[in-house]
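Down below is the structure, laid out as structure tokens.
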Amino acid sequence: MSPDASEEHAQDSGQPAEKPGPQSAEQEVAQPIEPRKGAQGRRKWLITLGMLLIVAVSGIVMFREGLFSPRPPAPDVAATFSGGRITVMDIHNHLALLAKQAGGQKPQASLELLRGVAEEMVADEIVRRWGKDRKAEKDENIAHLMSHVSEEVNLEAWHTGMHEGGMGISESDIDAYYQANQTKYGERSLGEARTEIERTLKSQGEDRFVENYLAGLKNTADIRRNYEALDVPPPDQSEIAEYFEANRELFSRKEKLIFDEVRIDLPGADAEAAVSRIVSKVRGGERLAEAAKSEGQGVFFSEAVAIEGGGTEDTFAKQIAALEAGQTAEPFRYAGSFYVVTLISRETERRLNLTEAFEEARLGAWQEKQTAWFERNRDVALFSVGGNRLTAGDFWKEYCELPPDVANAYRGVKGMRELAERLLERYLVAEEASRDKKPQDDGRGEEARLRLLSEVMEKEEIDDKVVVTDEEIESYYRNNQKRFQVPPQSKVRRIKIKLETSDTGAKDSWRRADEAYNRLVPGPFKRAEDFTAIAREYDLDALEAEQGWNAEPVWTGEGRDFLSELRDHAYHTSILTIPVGKVGKPFEYEGVIYIVEVLERTKPEPIQLDSIKLMLREELAAKKHAELSQTLSRRLLKENKAVIYDRVLRSTIQDEKVQTDRATP
């Protein structure tokens, strides 16, 4: 109540107002301060609101999947898409099928695994639809490839069955082999060694078995051959000349540089010294090969190397393009190495005359004549088996699909007849395998056909879009400078000690390694022993060498072909941890214990763009293809409204865990 109000109240009651007297400091301090009712209410409201928010957030975290994830149309539906669904049972059946094909057990379920299988099964359905919409079965090229898929599946099943069967191997064969190789099998009994012997005899007898098997098929089948349909008459002189005149642009030679080279893969001062010695010898009249021969490690000679020199932007070609035959270029660096090059000859760009190009023109004319021949005779039967036949047109399509090296092996009339006989044998075996195949299909055929359709779809949707420009290559190179450099090289001396495989032997190997290391690095106030002297006592090569061994330093480091450095990466990484001028502690790599002393180390050096431009173009093309493939997959899933229900998959995993726990005693 305010003072004014107090006075008014006193007047109303007829009593004089009593004014408060002055208070002491102690009384002022002791008197509690009453908070205002409005502030107290706001504080309580804020505390309540905060508690509600905490509860709400906790609920969202705990039940976020139930609140926000899509709800399946049925408890057992793991995925849906436009016009279809994948059930939990479908996923389990698919996993069992994959395990059967791989010859293993069904893997343990995890969310990542089940989700991946569900997405794969949805993708398979999308591919099937694409093939149907694309009318793939009516496409001649796709249908032809599909026929090969079916053949391959049947042949694979036949080959597996052949090995699982006896292949004509009797118990007496197995016993005879065991008796003749008892030293090999030691104390193992015939029963213990039987499976291994049977496998060995099957491998040895497979060629003979296949030969006899094919002979049996041919003897029992109704085969009619007409290999005369393959006898394409060779082109005469006038046809060759006509082909040459019609295709003059094909018969030219670009400028070509032919040279001997020495590549020096040594770092720093060692490389410069080697280059200086080689150049000095060459200028003194020595051949480049002889000058490089005495250099030893890190110096490589190549003879009669040929590259196209006209119009190229390659730095290497530019370095030698101005040379005359017999001249040696000034040493230059390329892709992280030093080169010394002597030009042997130069072939200028020019058009060939018919005499020079006769063999090429003859082959070209014959190819052209063969194509026309098989087109005219495409419906002529090459062979028939029980009413089924392979036409000359079918044969030519098969021939044109062969890799160039295989096609060359069957070139000419005789070669084509041999190929026709191989195709006949393939047909007989595939038919036999198809008849022998068990009624239940293990899914291999359908899986292979889906894989082929997927490849065709990806090729049509993606391949034409994969284009890599020079600007993209240059940008990629600039943004990854650390990657495109010659790695550091270390000049080292090393001691190698063989790490024995037995426990006792391994302990002894490490004991010897520690002993050698302690003599090289004895600790404070003690004198280290000579590295070469220690190496003579412990090094594997030194102990095995009869004479001429020495502990000369060698340069080592990740390869100049930096992208393929895989095998020795761990070894080189271990060496890079050793400071220059120090002996590193023993470490093991691929069955050998190493003690390494680092004498020198180079810094990383950048590699010129033009020396890796082709490689970068291929790498970027592969990256783009992978990205476009992922984009295509996401687009197809989105277009088909694909949804994976994680709550169903998690529930499935939990149910399986409960069943496993109950079954476990």
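The values are calculated or read from the model by the stated rules, or taken from the named source; none is laboratory data. Bear in mind the structure is a predicted one, so any value in this text is a computation, not a measurement. In this analysis, Cβ positions are derived from the backbone assuming ideal geometry, glycine residues included, and neighbour counts consider all displayed protein chains. These area figures cover heavy atoms from the full protein model, side chains too; ligands, DNA and RNA do not enter into them. Shrake-Rupley method; radii C 1.70, N 1.55, O 1.52, S 1.80 Å.
Brief remarks follow.
- When the residues of segment 229-253 are filtered to those that are of a type in the set (S, T, N, Q) and without any contact (Cβ under 8 Å) to a residue 24 or more places away in the chain, the one that is most open to solvent (accessible area, probe 1.4 Å) is Gln237.
- Scanning segment 638-661 turns up no residue that is of a type in the set (Gly, Ala, Ser), open to solvent by less than 30 Å² (accessible area, probe 1.4 Å) and either part of a helix (DSSP H, G or I) or modelled with pLDDT under 85 (or both).
- When Glu618, Glu597, Glu588 are checked against the criterion of being open to solvent by 50 Å² or more (accessible area, probe 1.4 Å) and not in a helix (DSSP H, G or I), a single residue qualifies: Glu588.
- Among residues of segment 529-540 being more than 13 Å from Arg493 (Cα to Cα) and in contact (Cβ under 8 Å) with a residue 40 or more places away in the chain, the one that is surrounded by the most Cβ atoms within 10 Å (Cβ to Cβ) is Tyr538.
- Residue within segment 191-213 that is at pLDDT 75 or above and open to solvent by 80 Å² or more (accessible area, probe 1.4 Å) present: yes
- Flag for Ser574 being polar (S, T, N, Q) and at pLDDT 90 or above: yes
- Segment 467-490, subset β-branched (Val, Ile, Thr) and either closer than 13 Å to Lys613 by Cβ or in a loop (DSSP other than H, G, I, E, B) (or both), residue farthest from the chain's Cα centre (by Cα): Thr469
- Within segment 311-325, residues that are at pLDDT 70 or above and among the basic types (Lys, Arg) reach partners that are open to solvent by 40 Å² or more (accessible area, probe 1.4 Å) and not in a helix (DSSP H, G or I) with beta carbons closer than 9 Å, at six or more positions or on different chains, in the pairs Lys318/Thr312.
- Residue list for segment 358-410, restricted to those being basic (Lys, Arg) and farther than 24 Å from Arg426 by Cα: Arg362, Lys369, Arg376
- Qualifying residue in segment 334-342 (condition: more than 30 Å from Leu616 (Cβ to Cβ) and assigned to a loop (DSSP other than H, G, I, E, B)): no
- Residue within segment 350-358 that is surrounded by 16 or more Cβ atoms within 10 Å (Cβ to Cβ) and either touching a Lys or Arg at 6+ places or on another chain (Cβ under 8 Å) or not aliphatic (A, V, I, L, M) (or both) present: yes
- Hey, Val598 within 22 Å of Val299 (Cα to Cα) and at pLDDT 90 or above or not: yes
- Of note, Phe383 does not satisfy the criterion of being aromatic (Phe, Trp, Tyr) and under 30 Å from Arg283 (Cβ atoms).
- Any hit, segment 492-507, residues being of a type outside the set (Ser, Thr, Tyr), surrounded by 14 or more Cβ atoms within 10 Å (Cβ to Cβ) and under 30 Å from Ile612 (Cα atoms): yes
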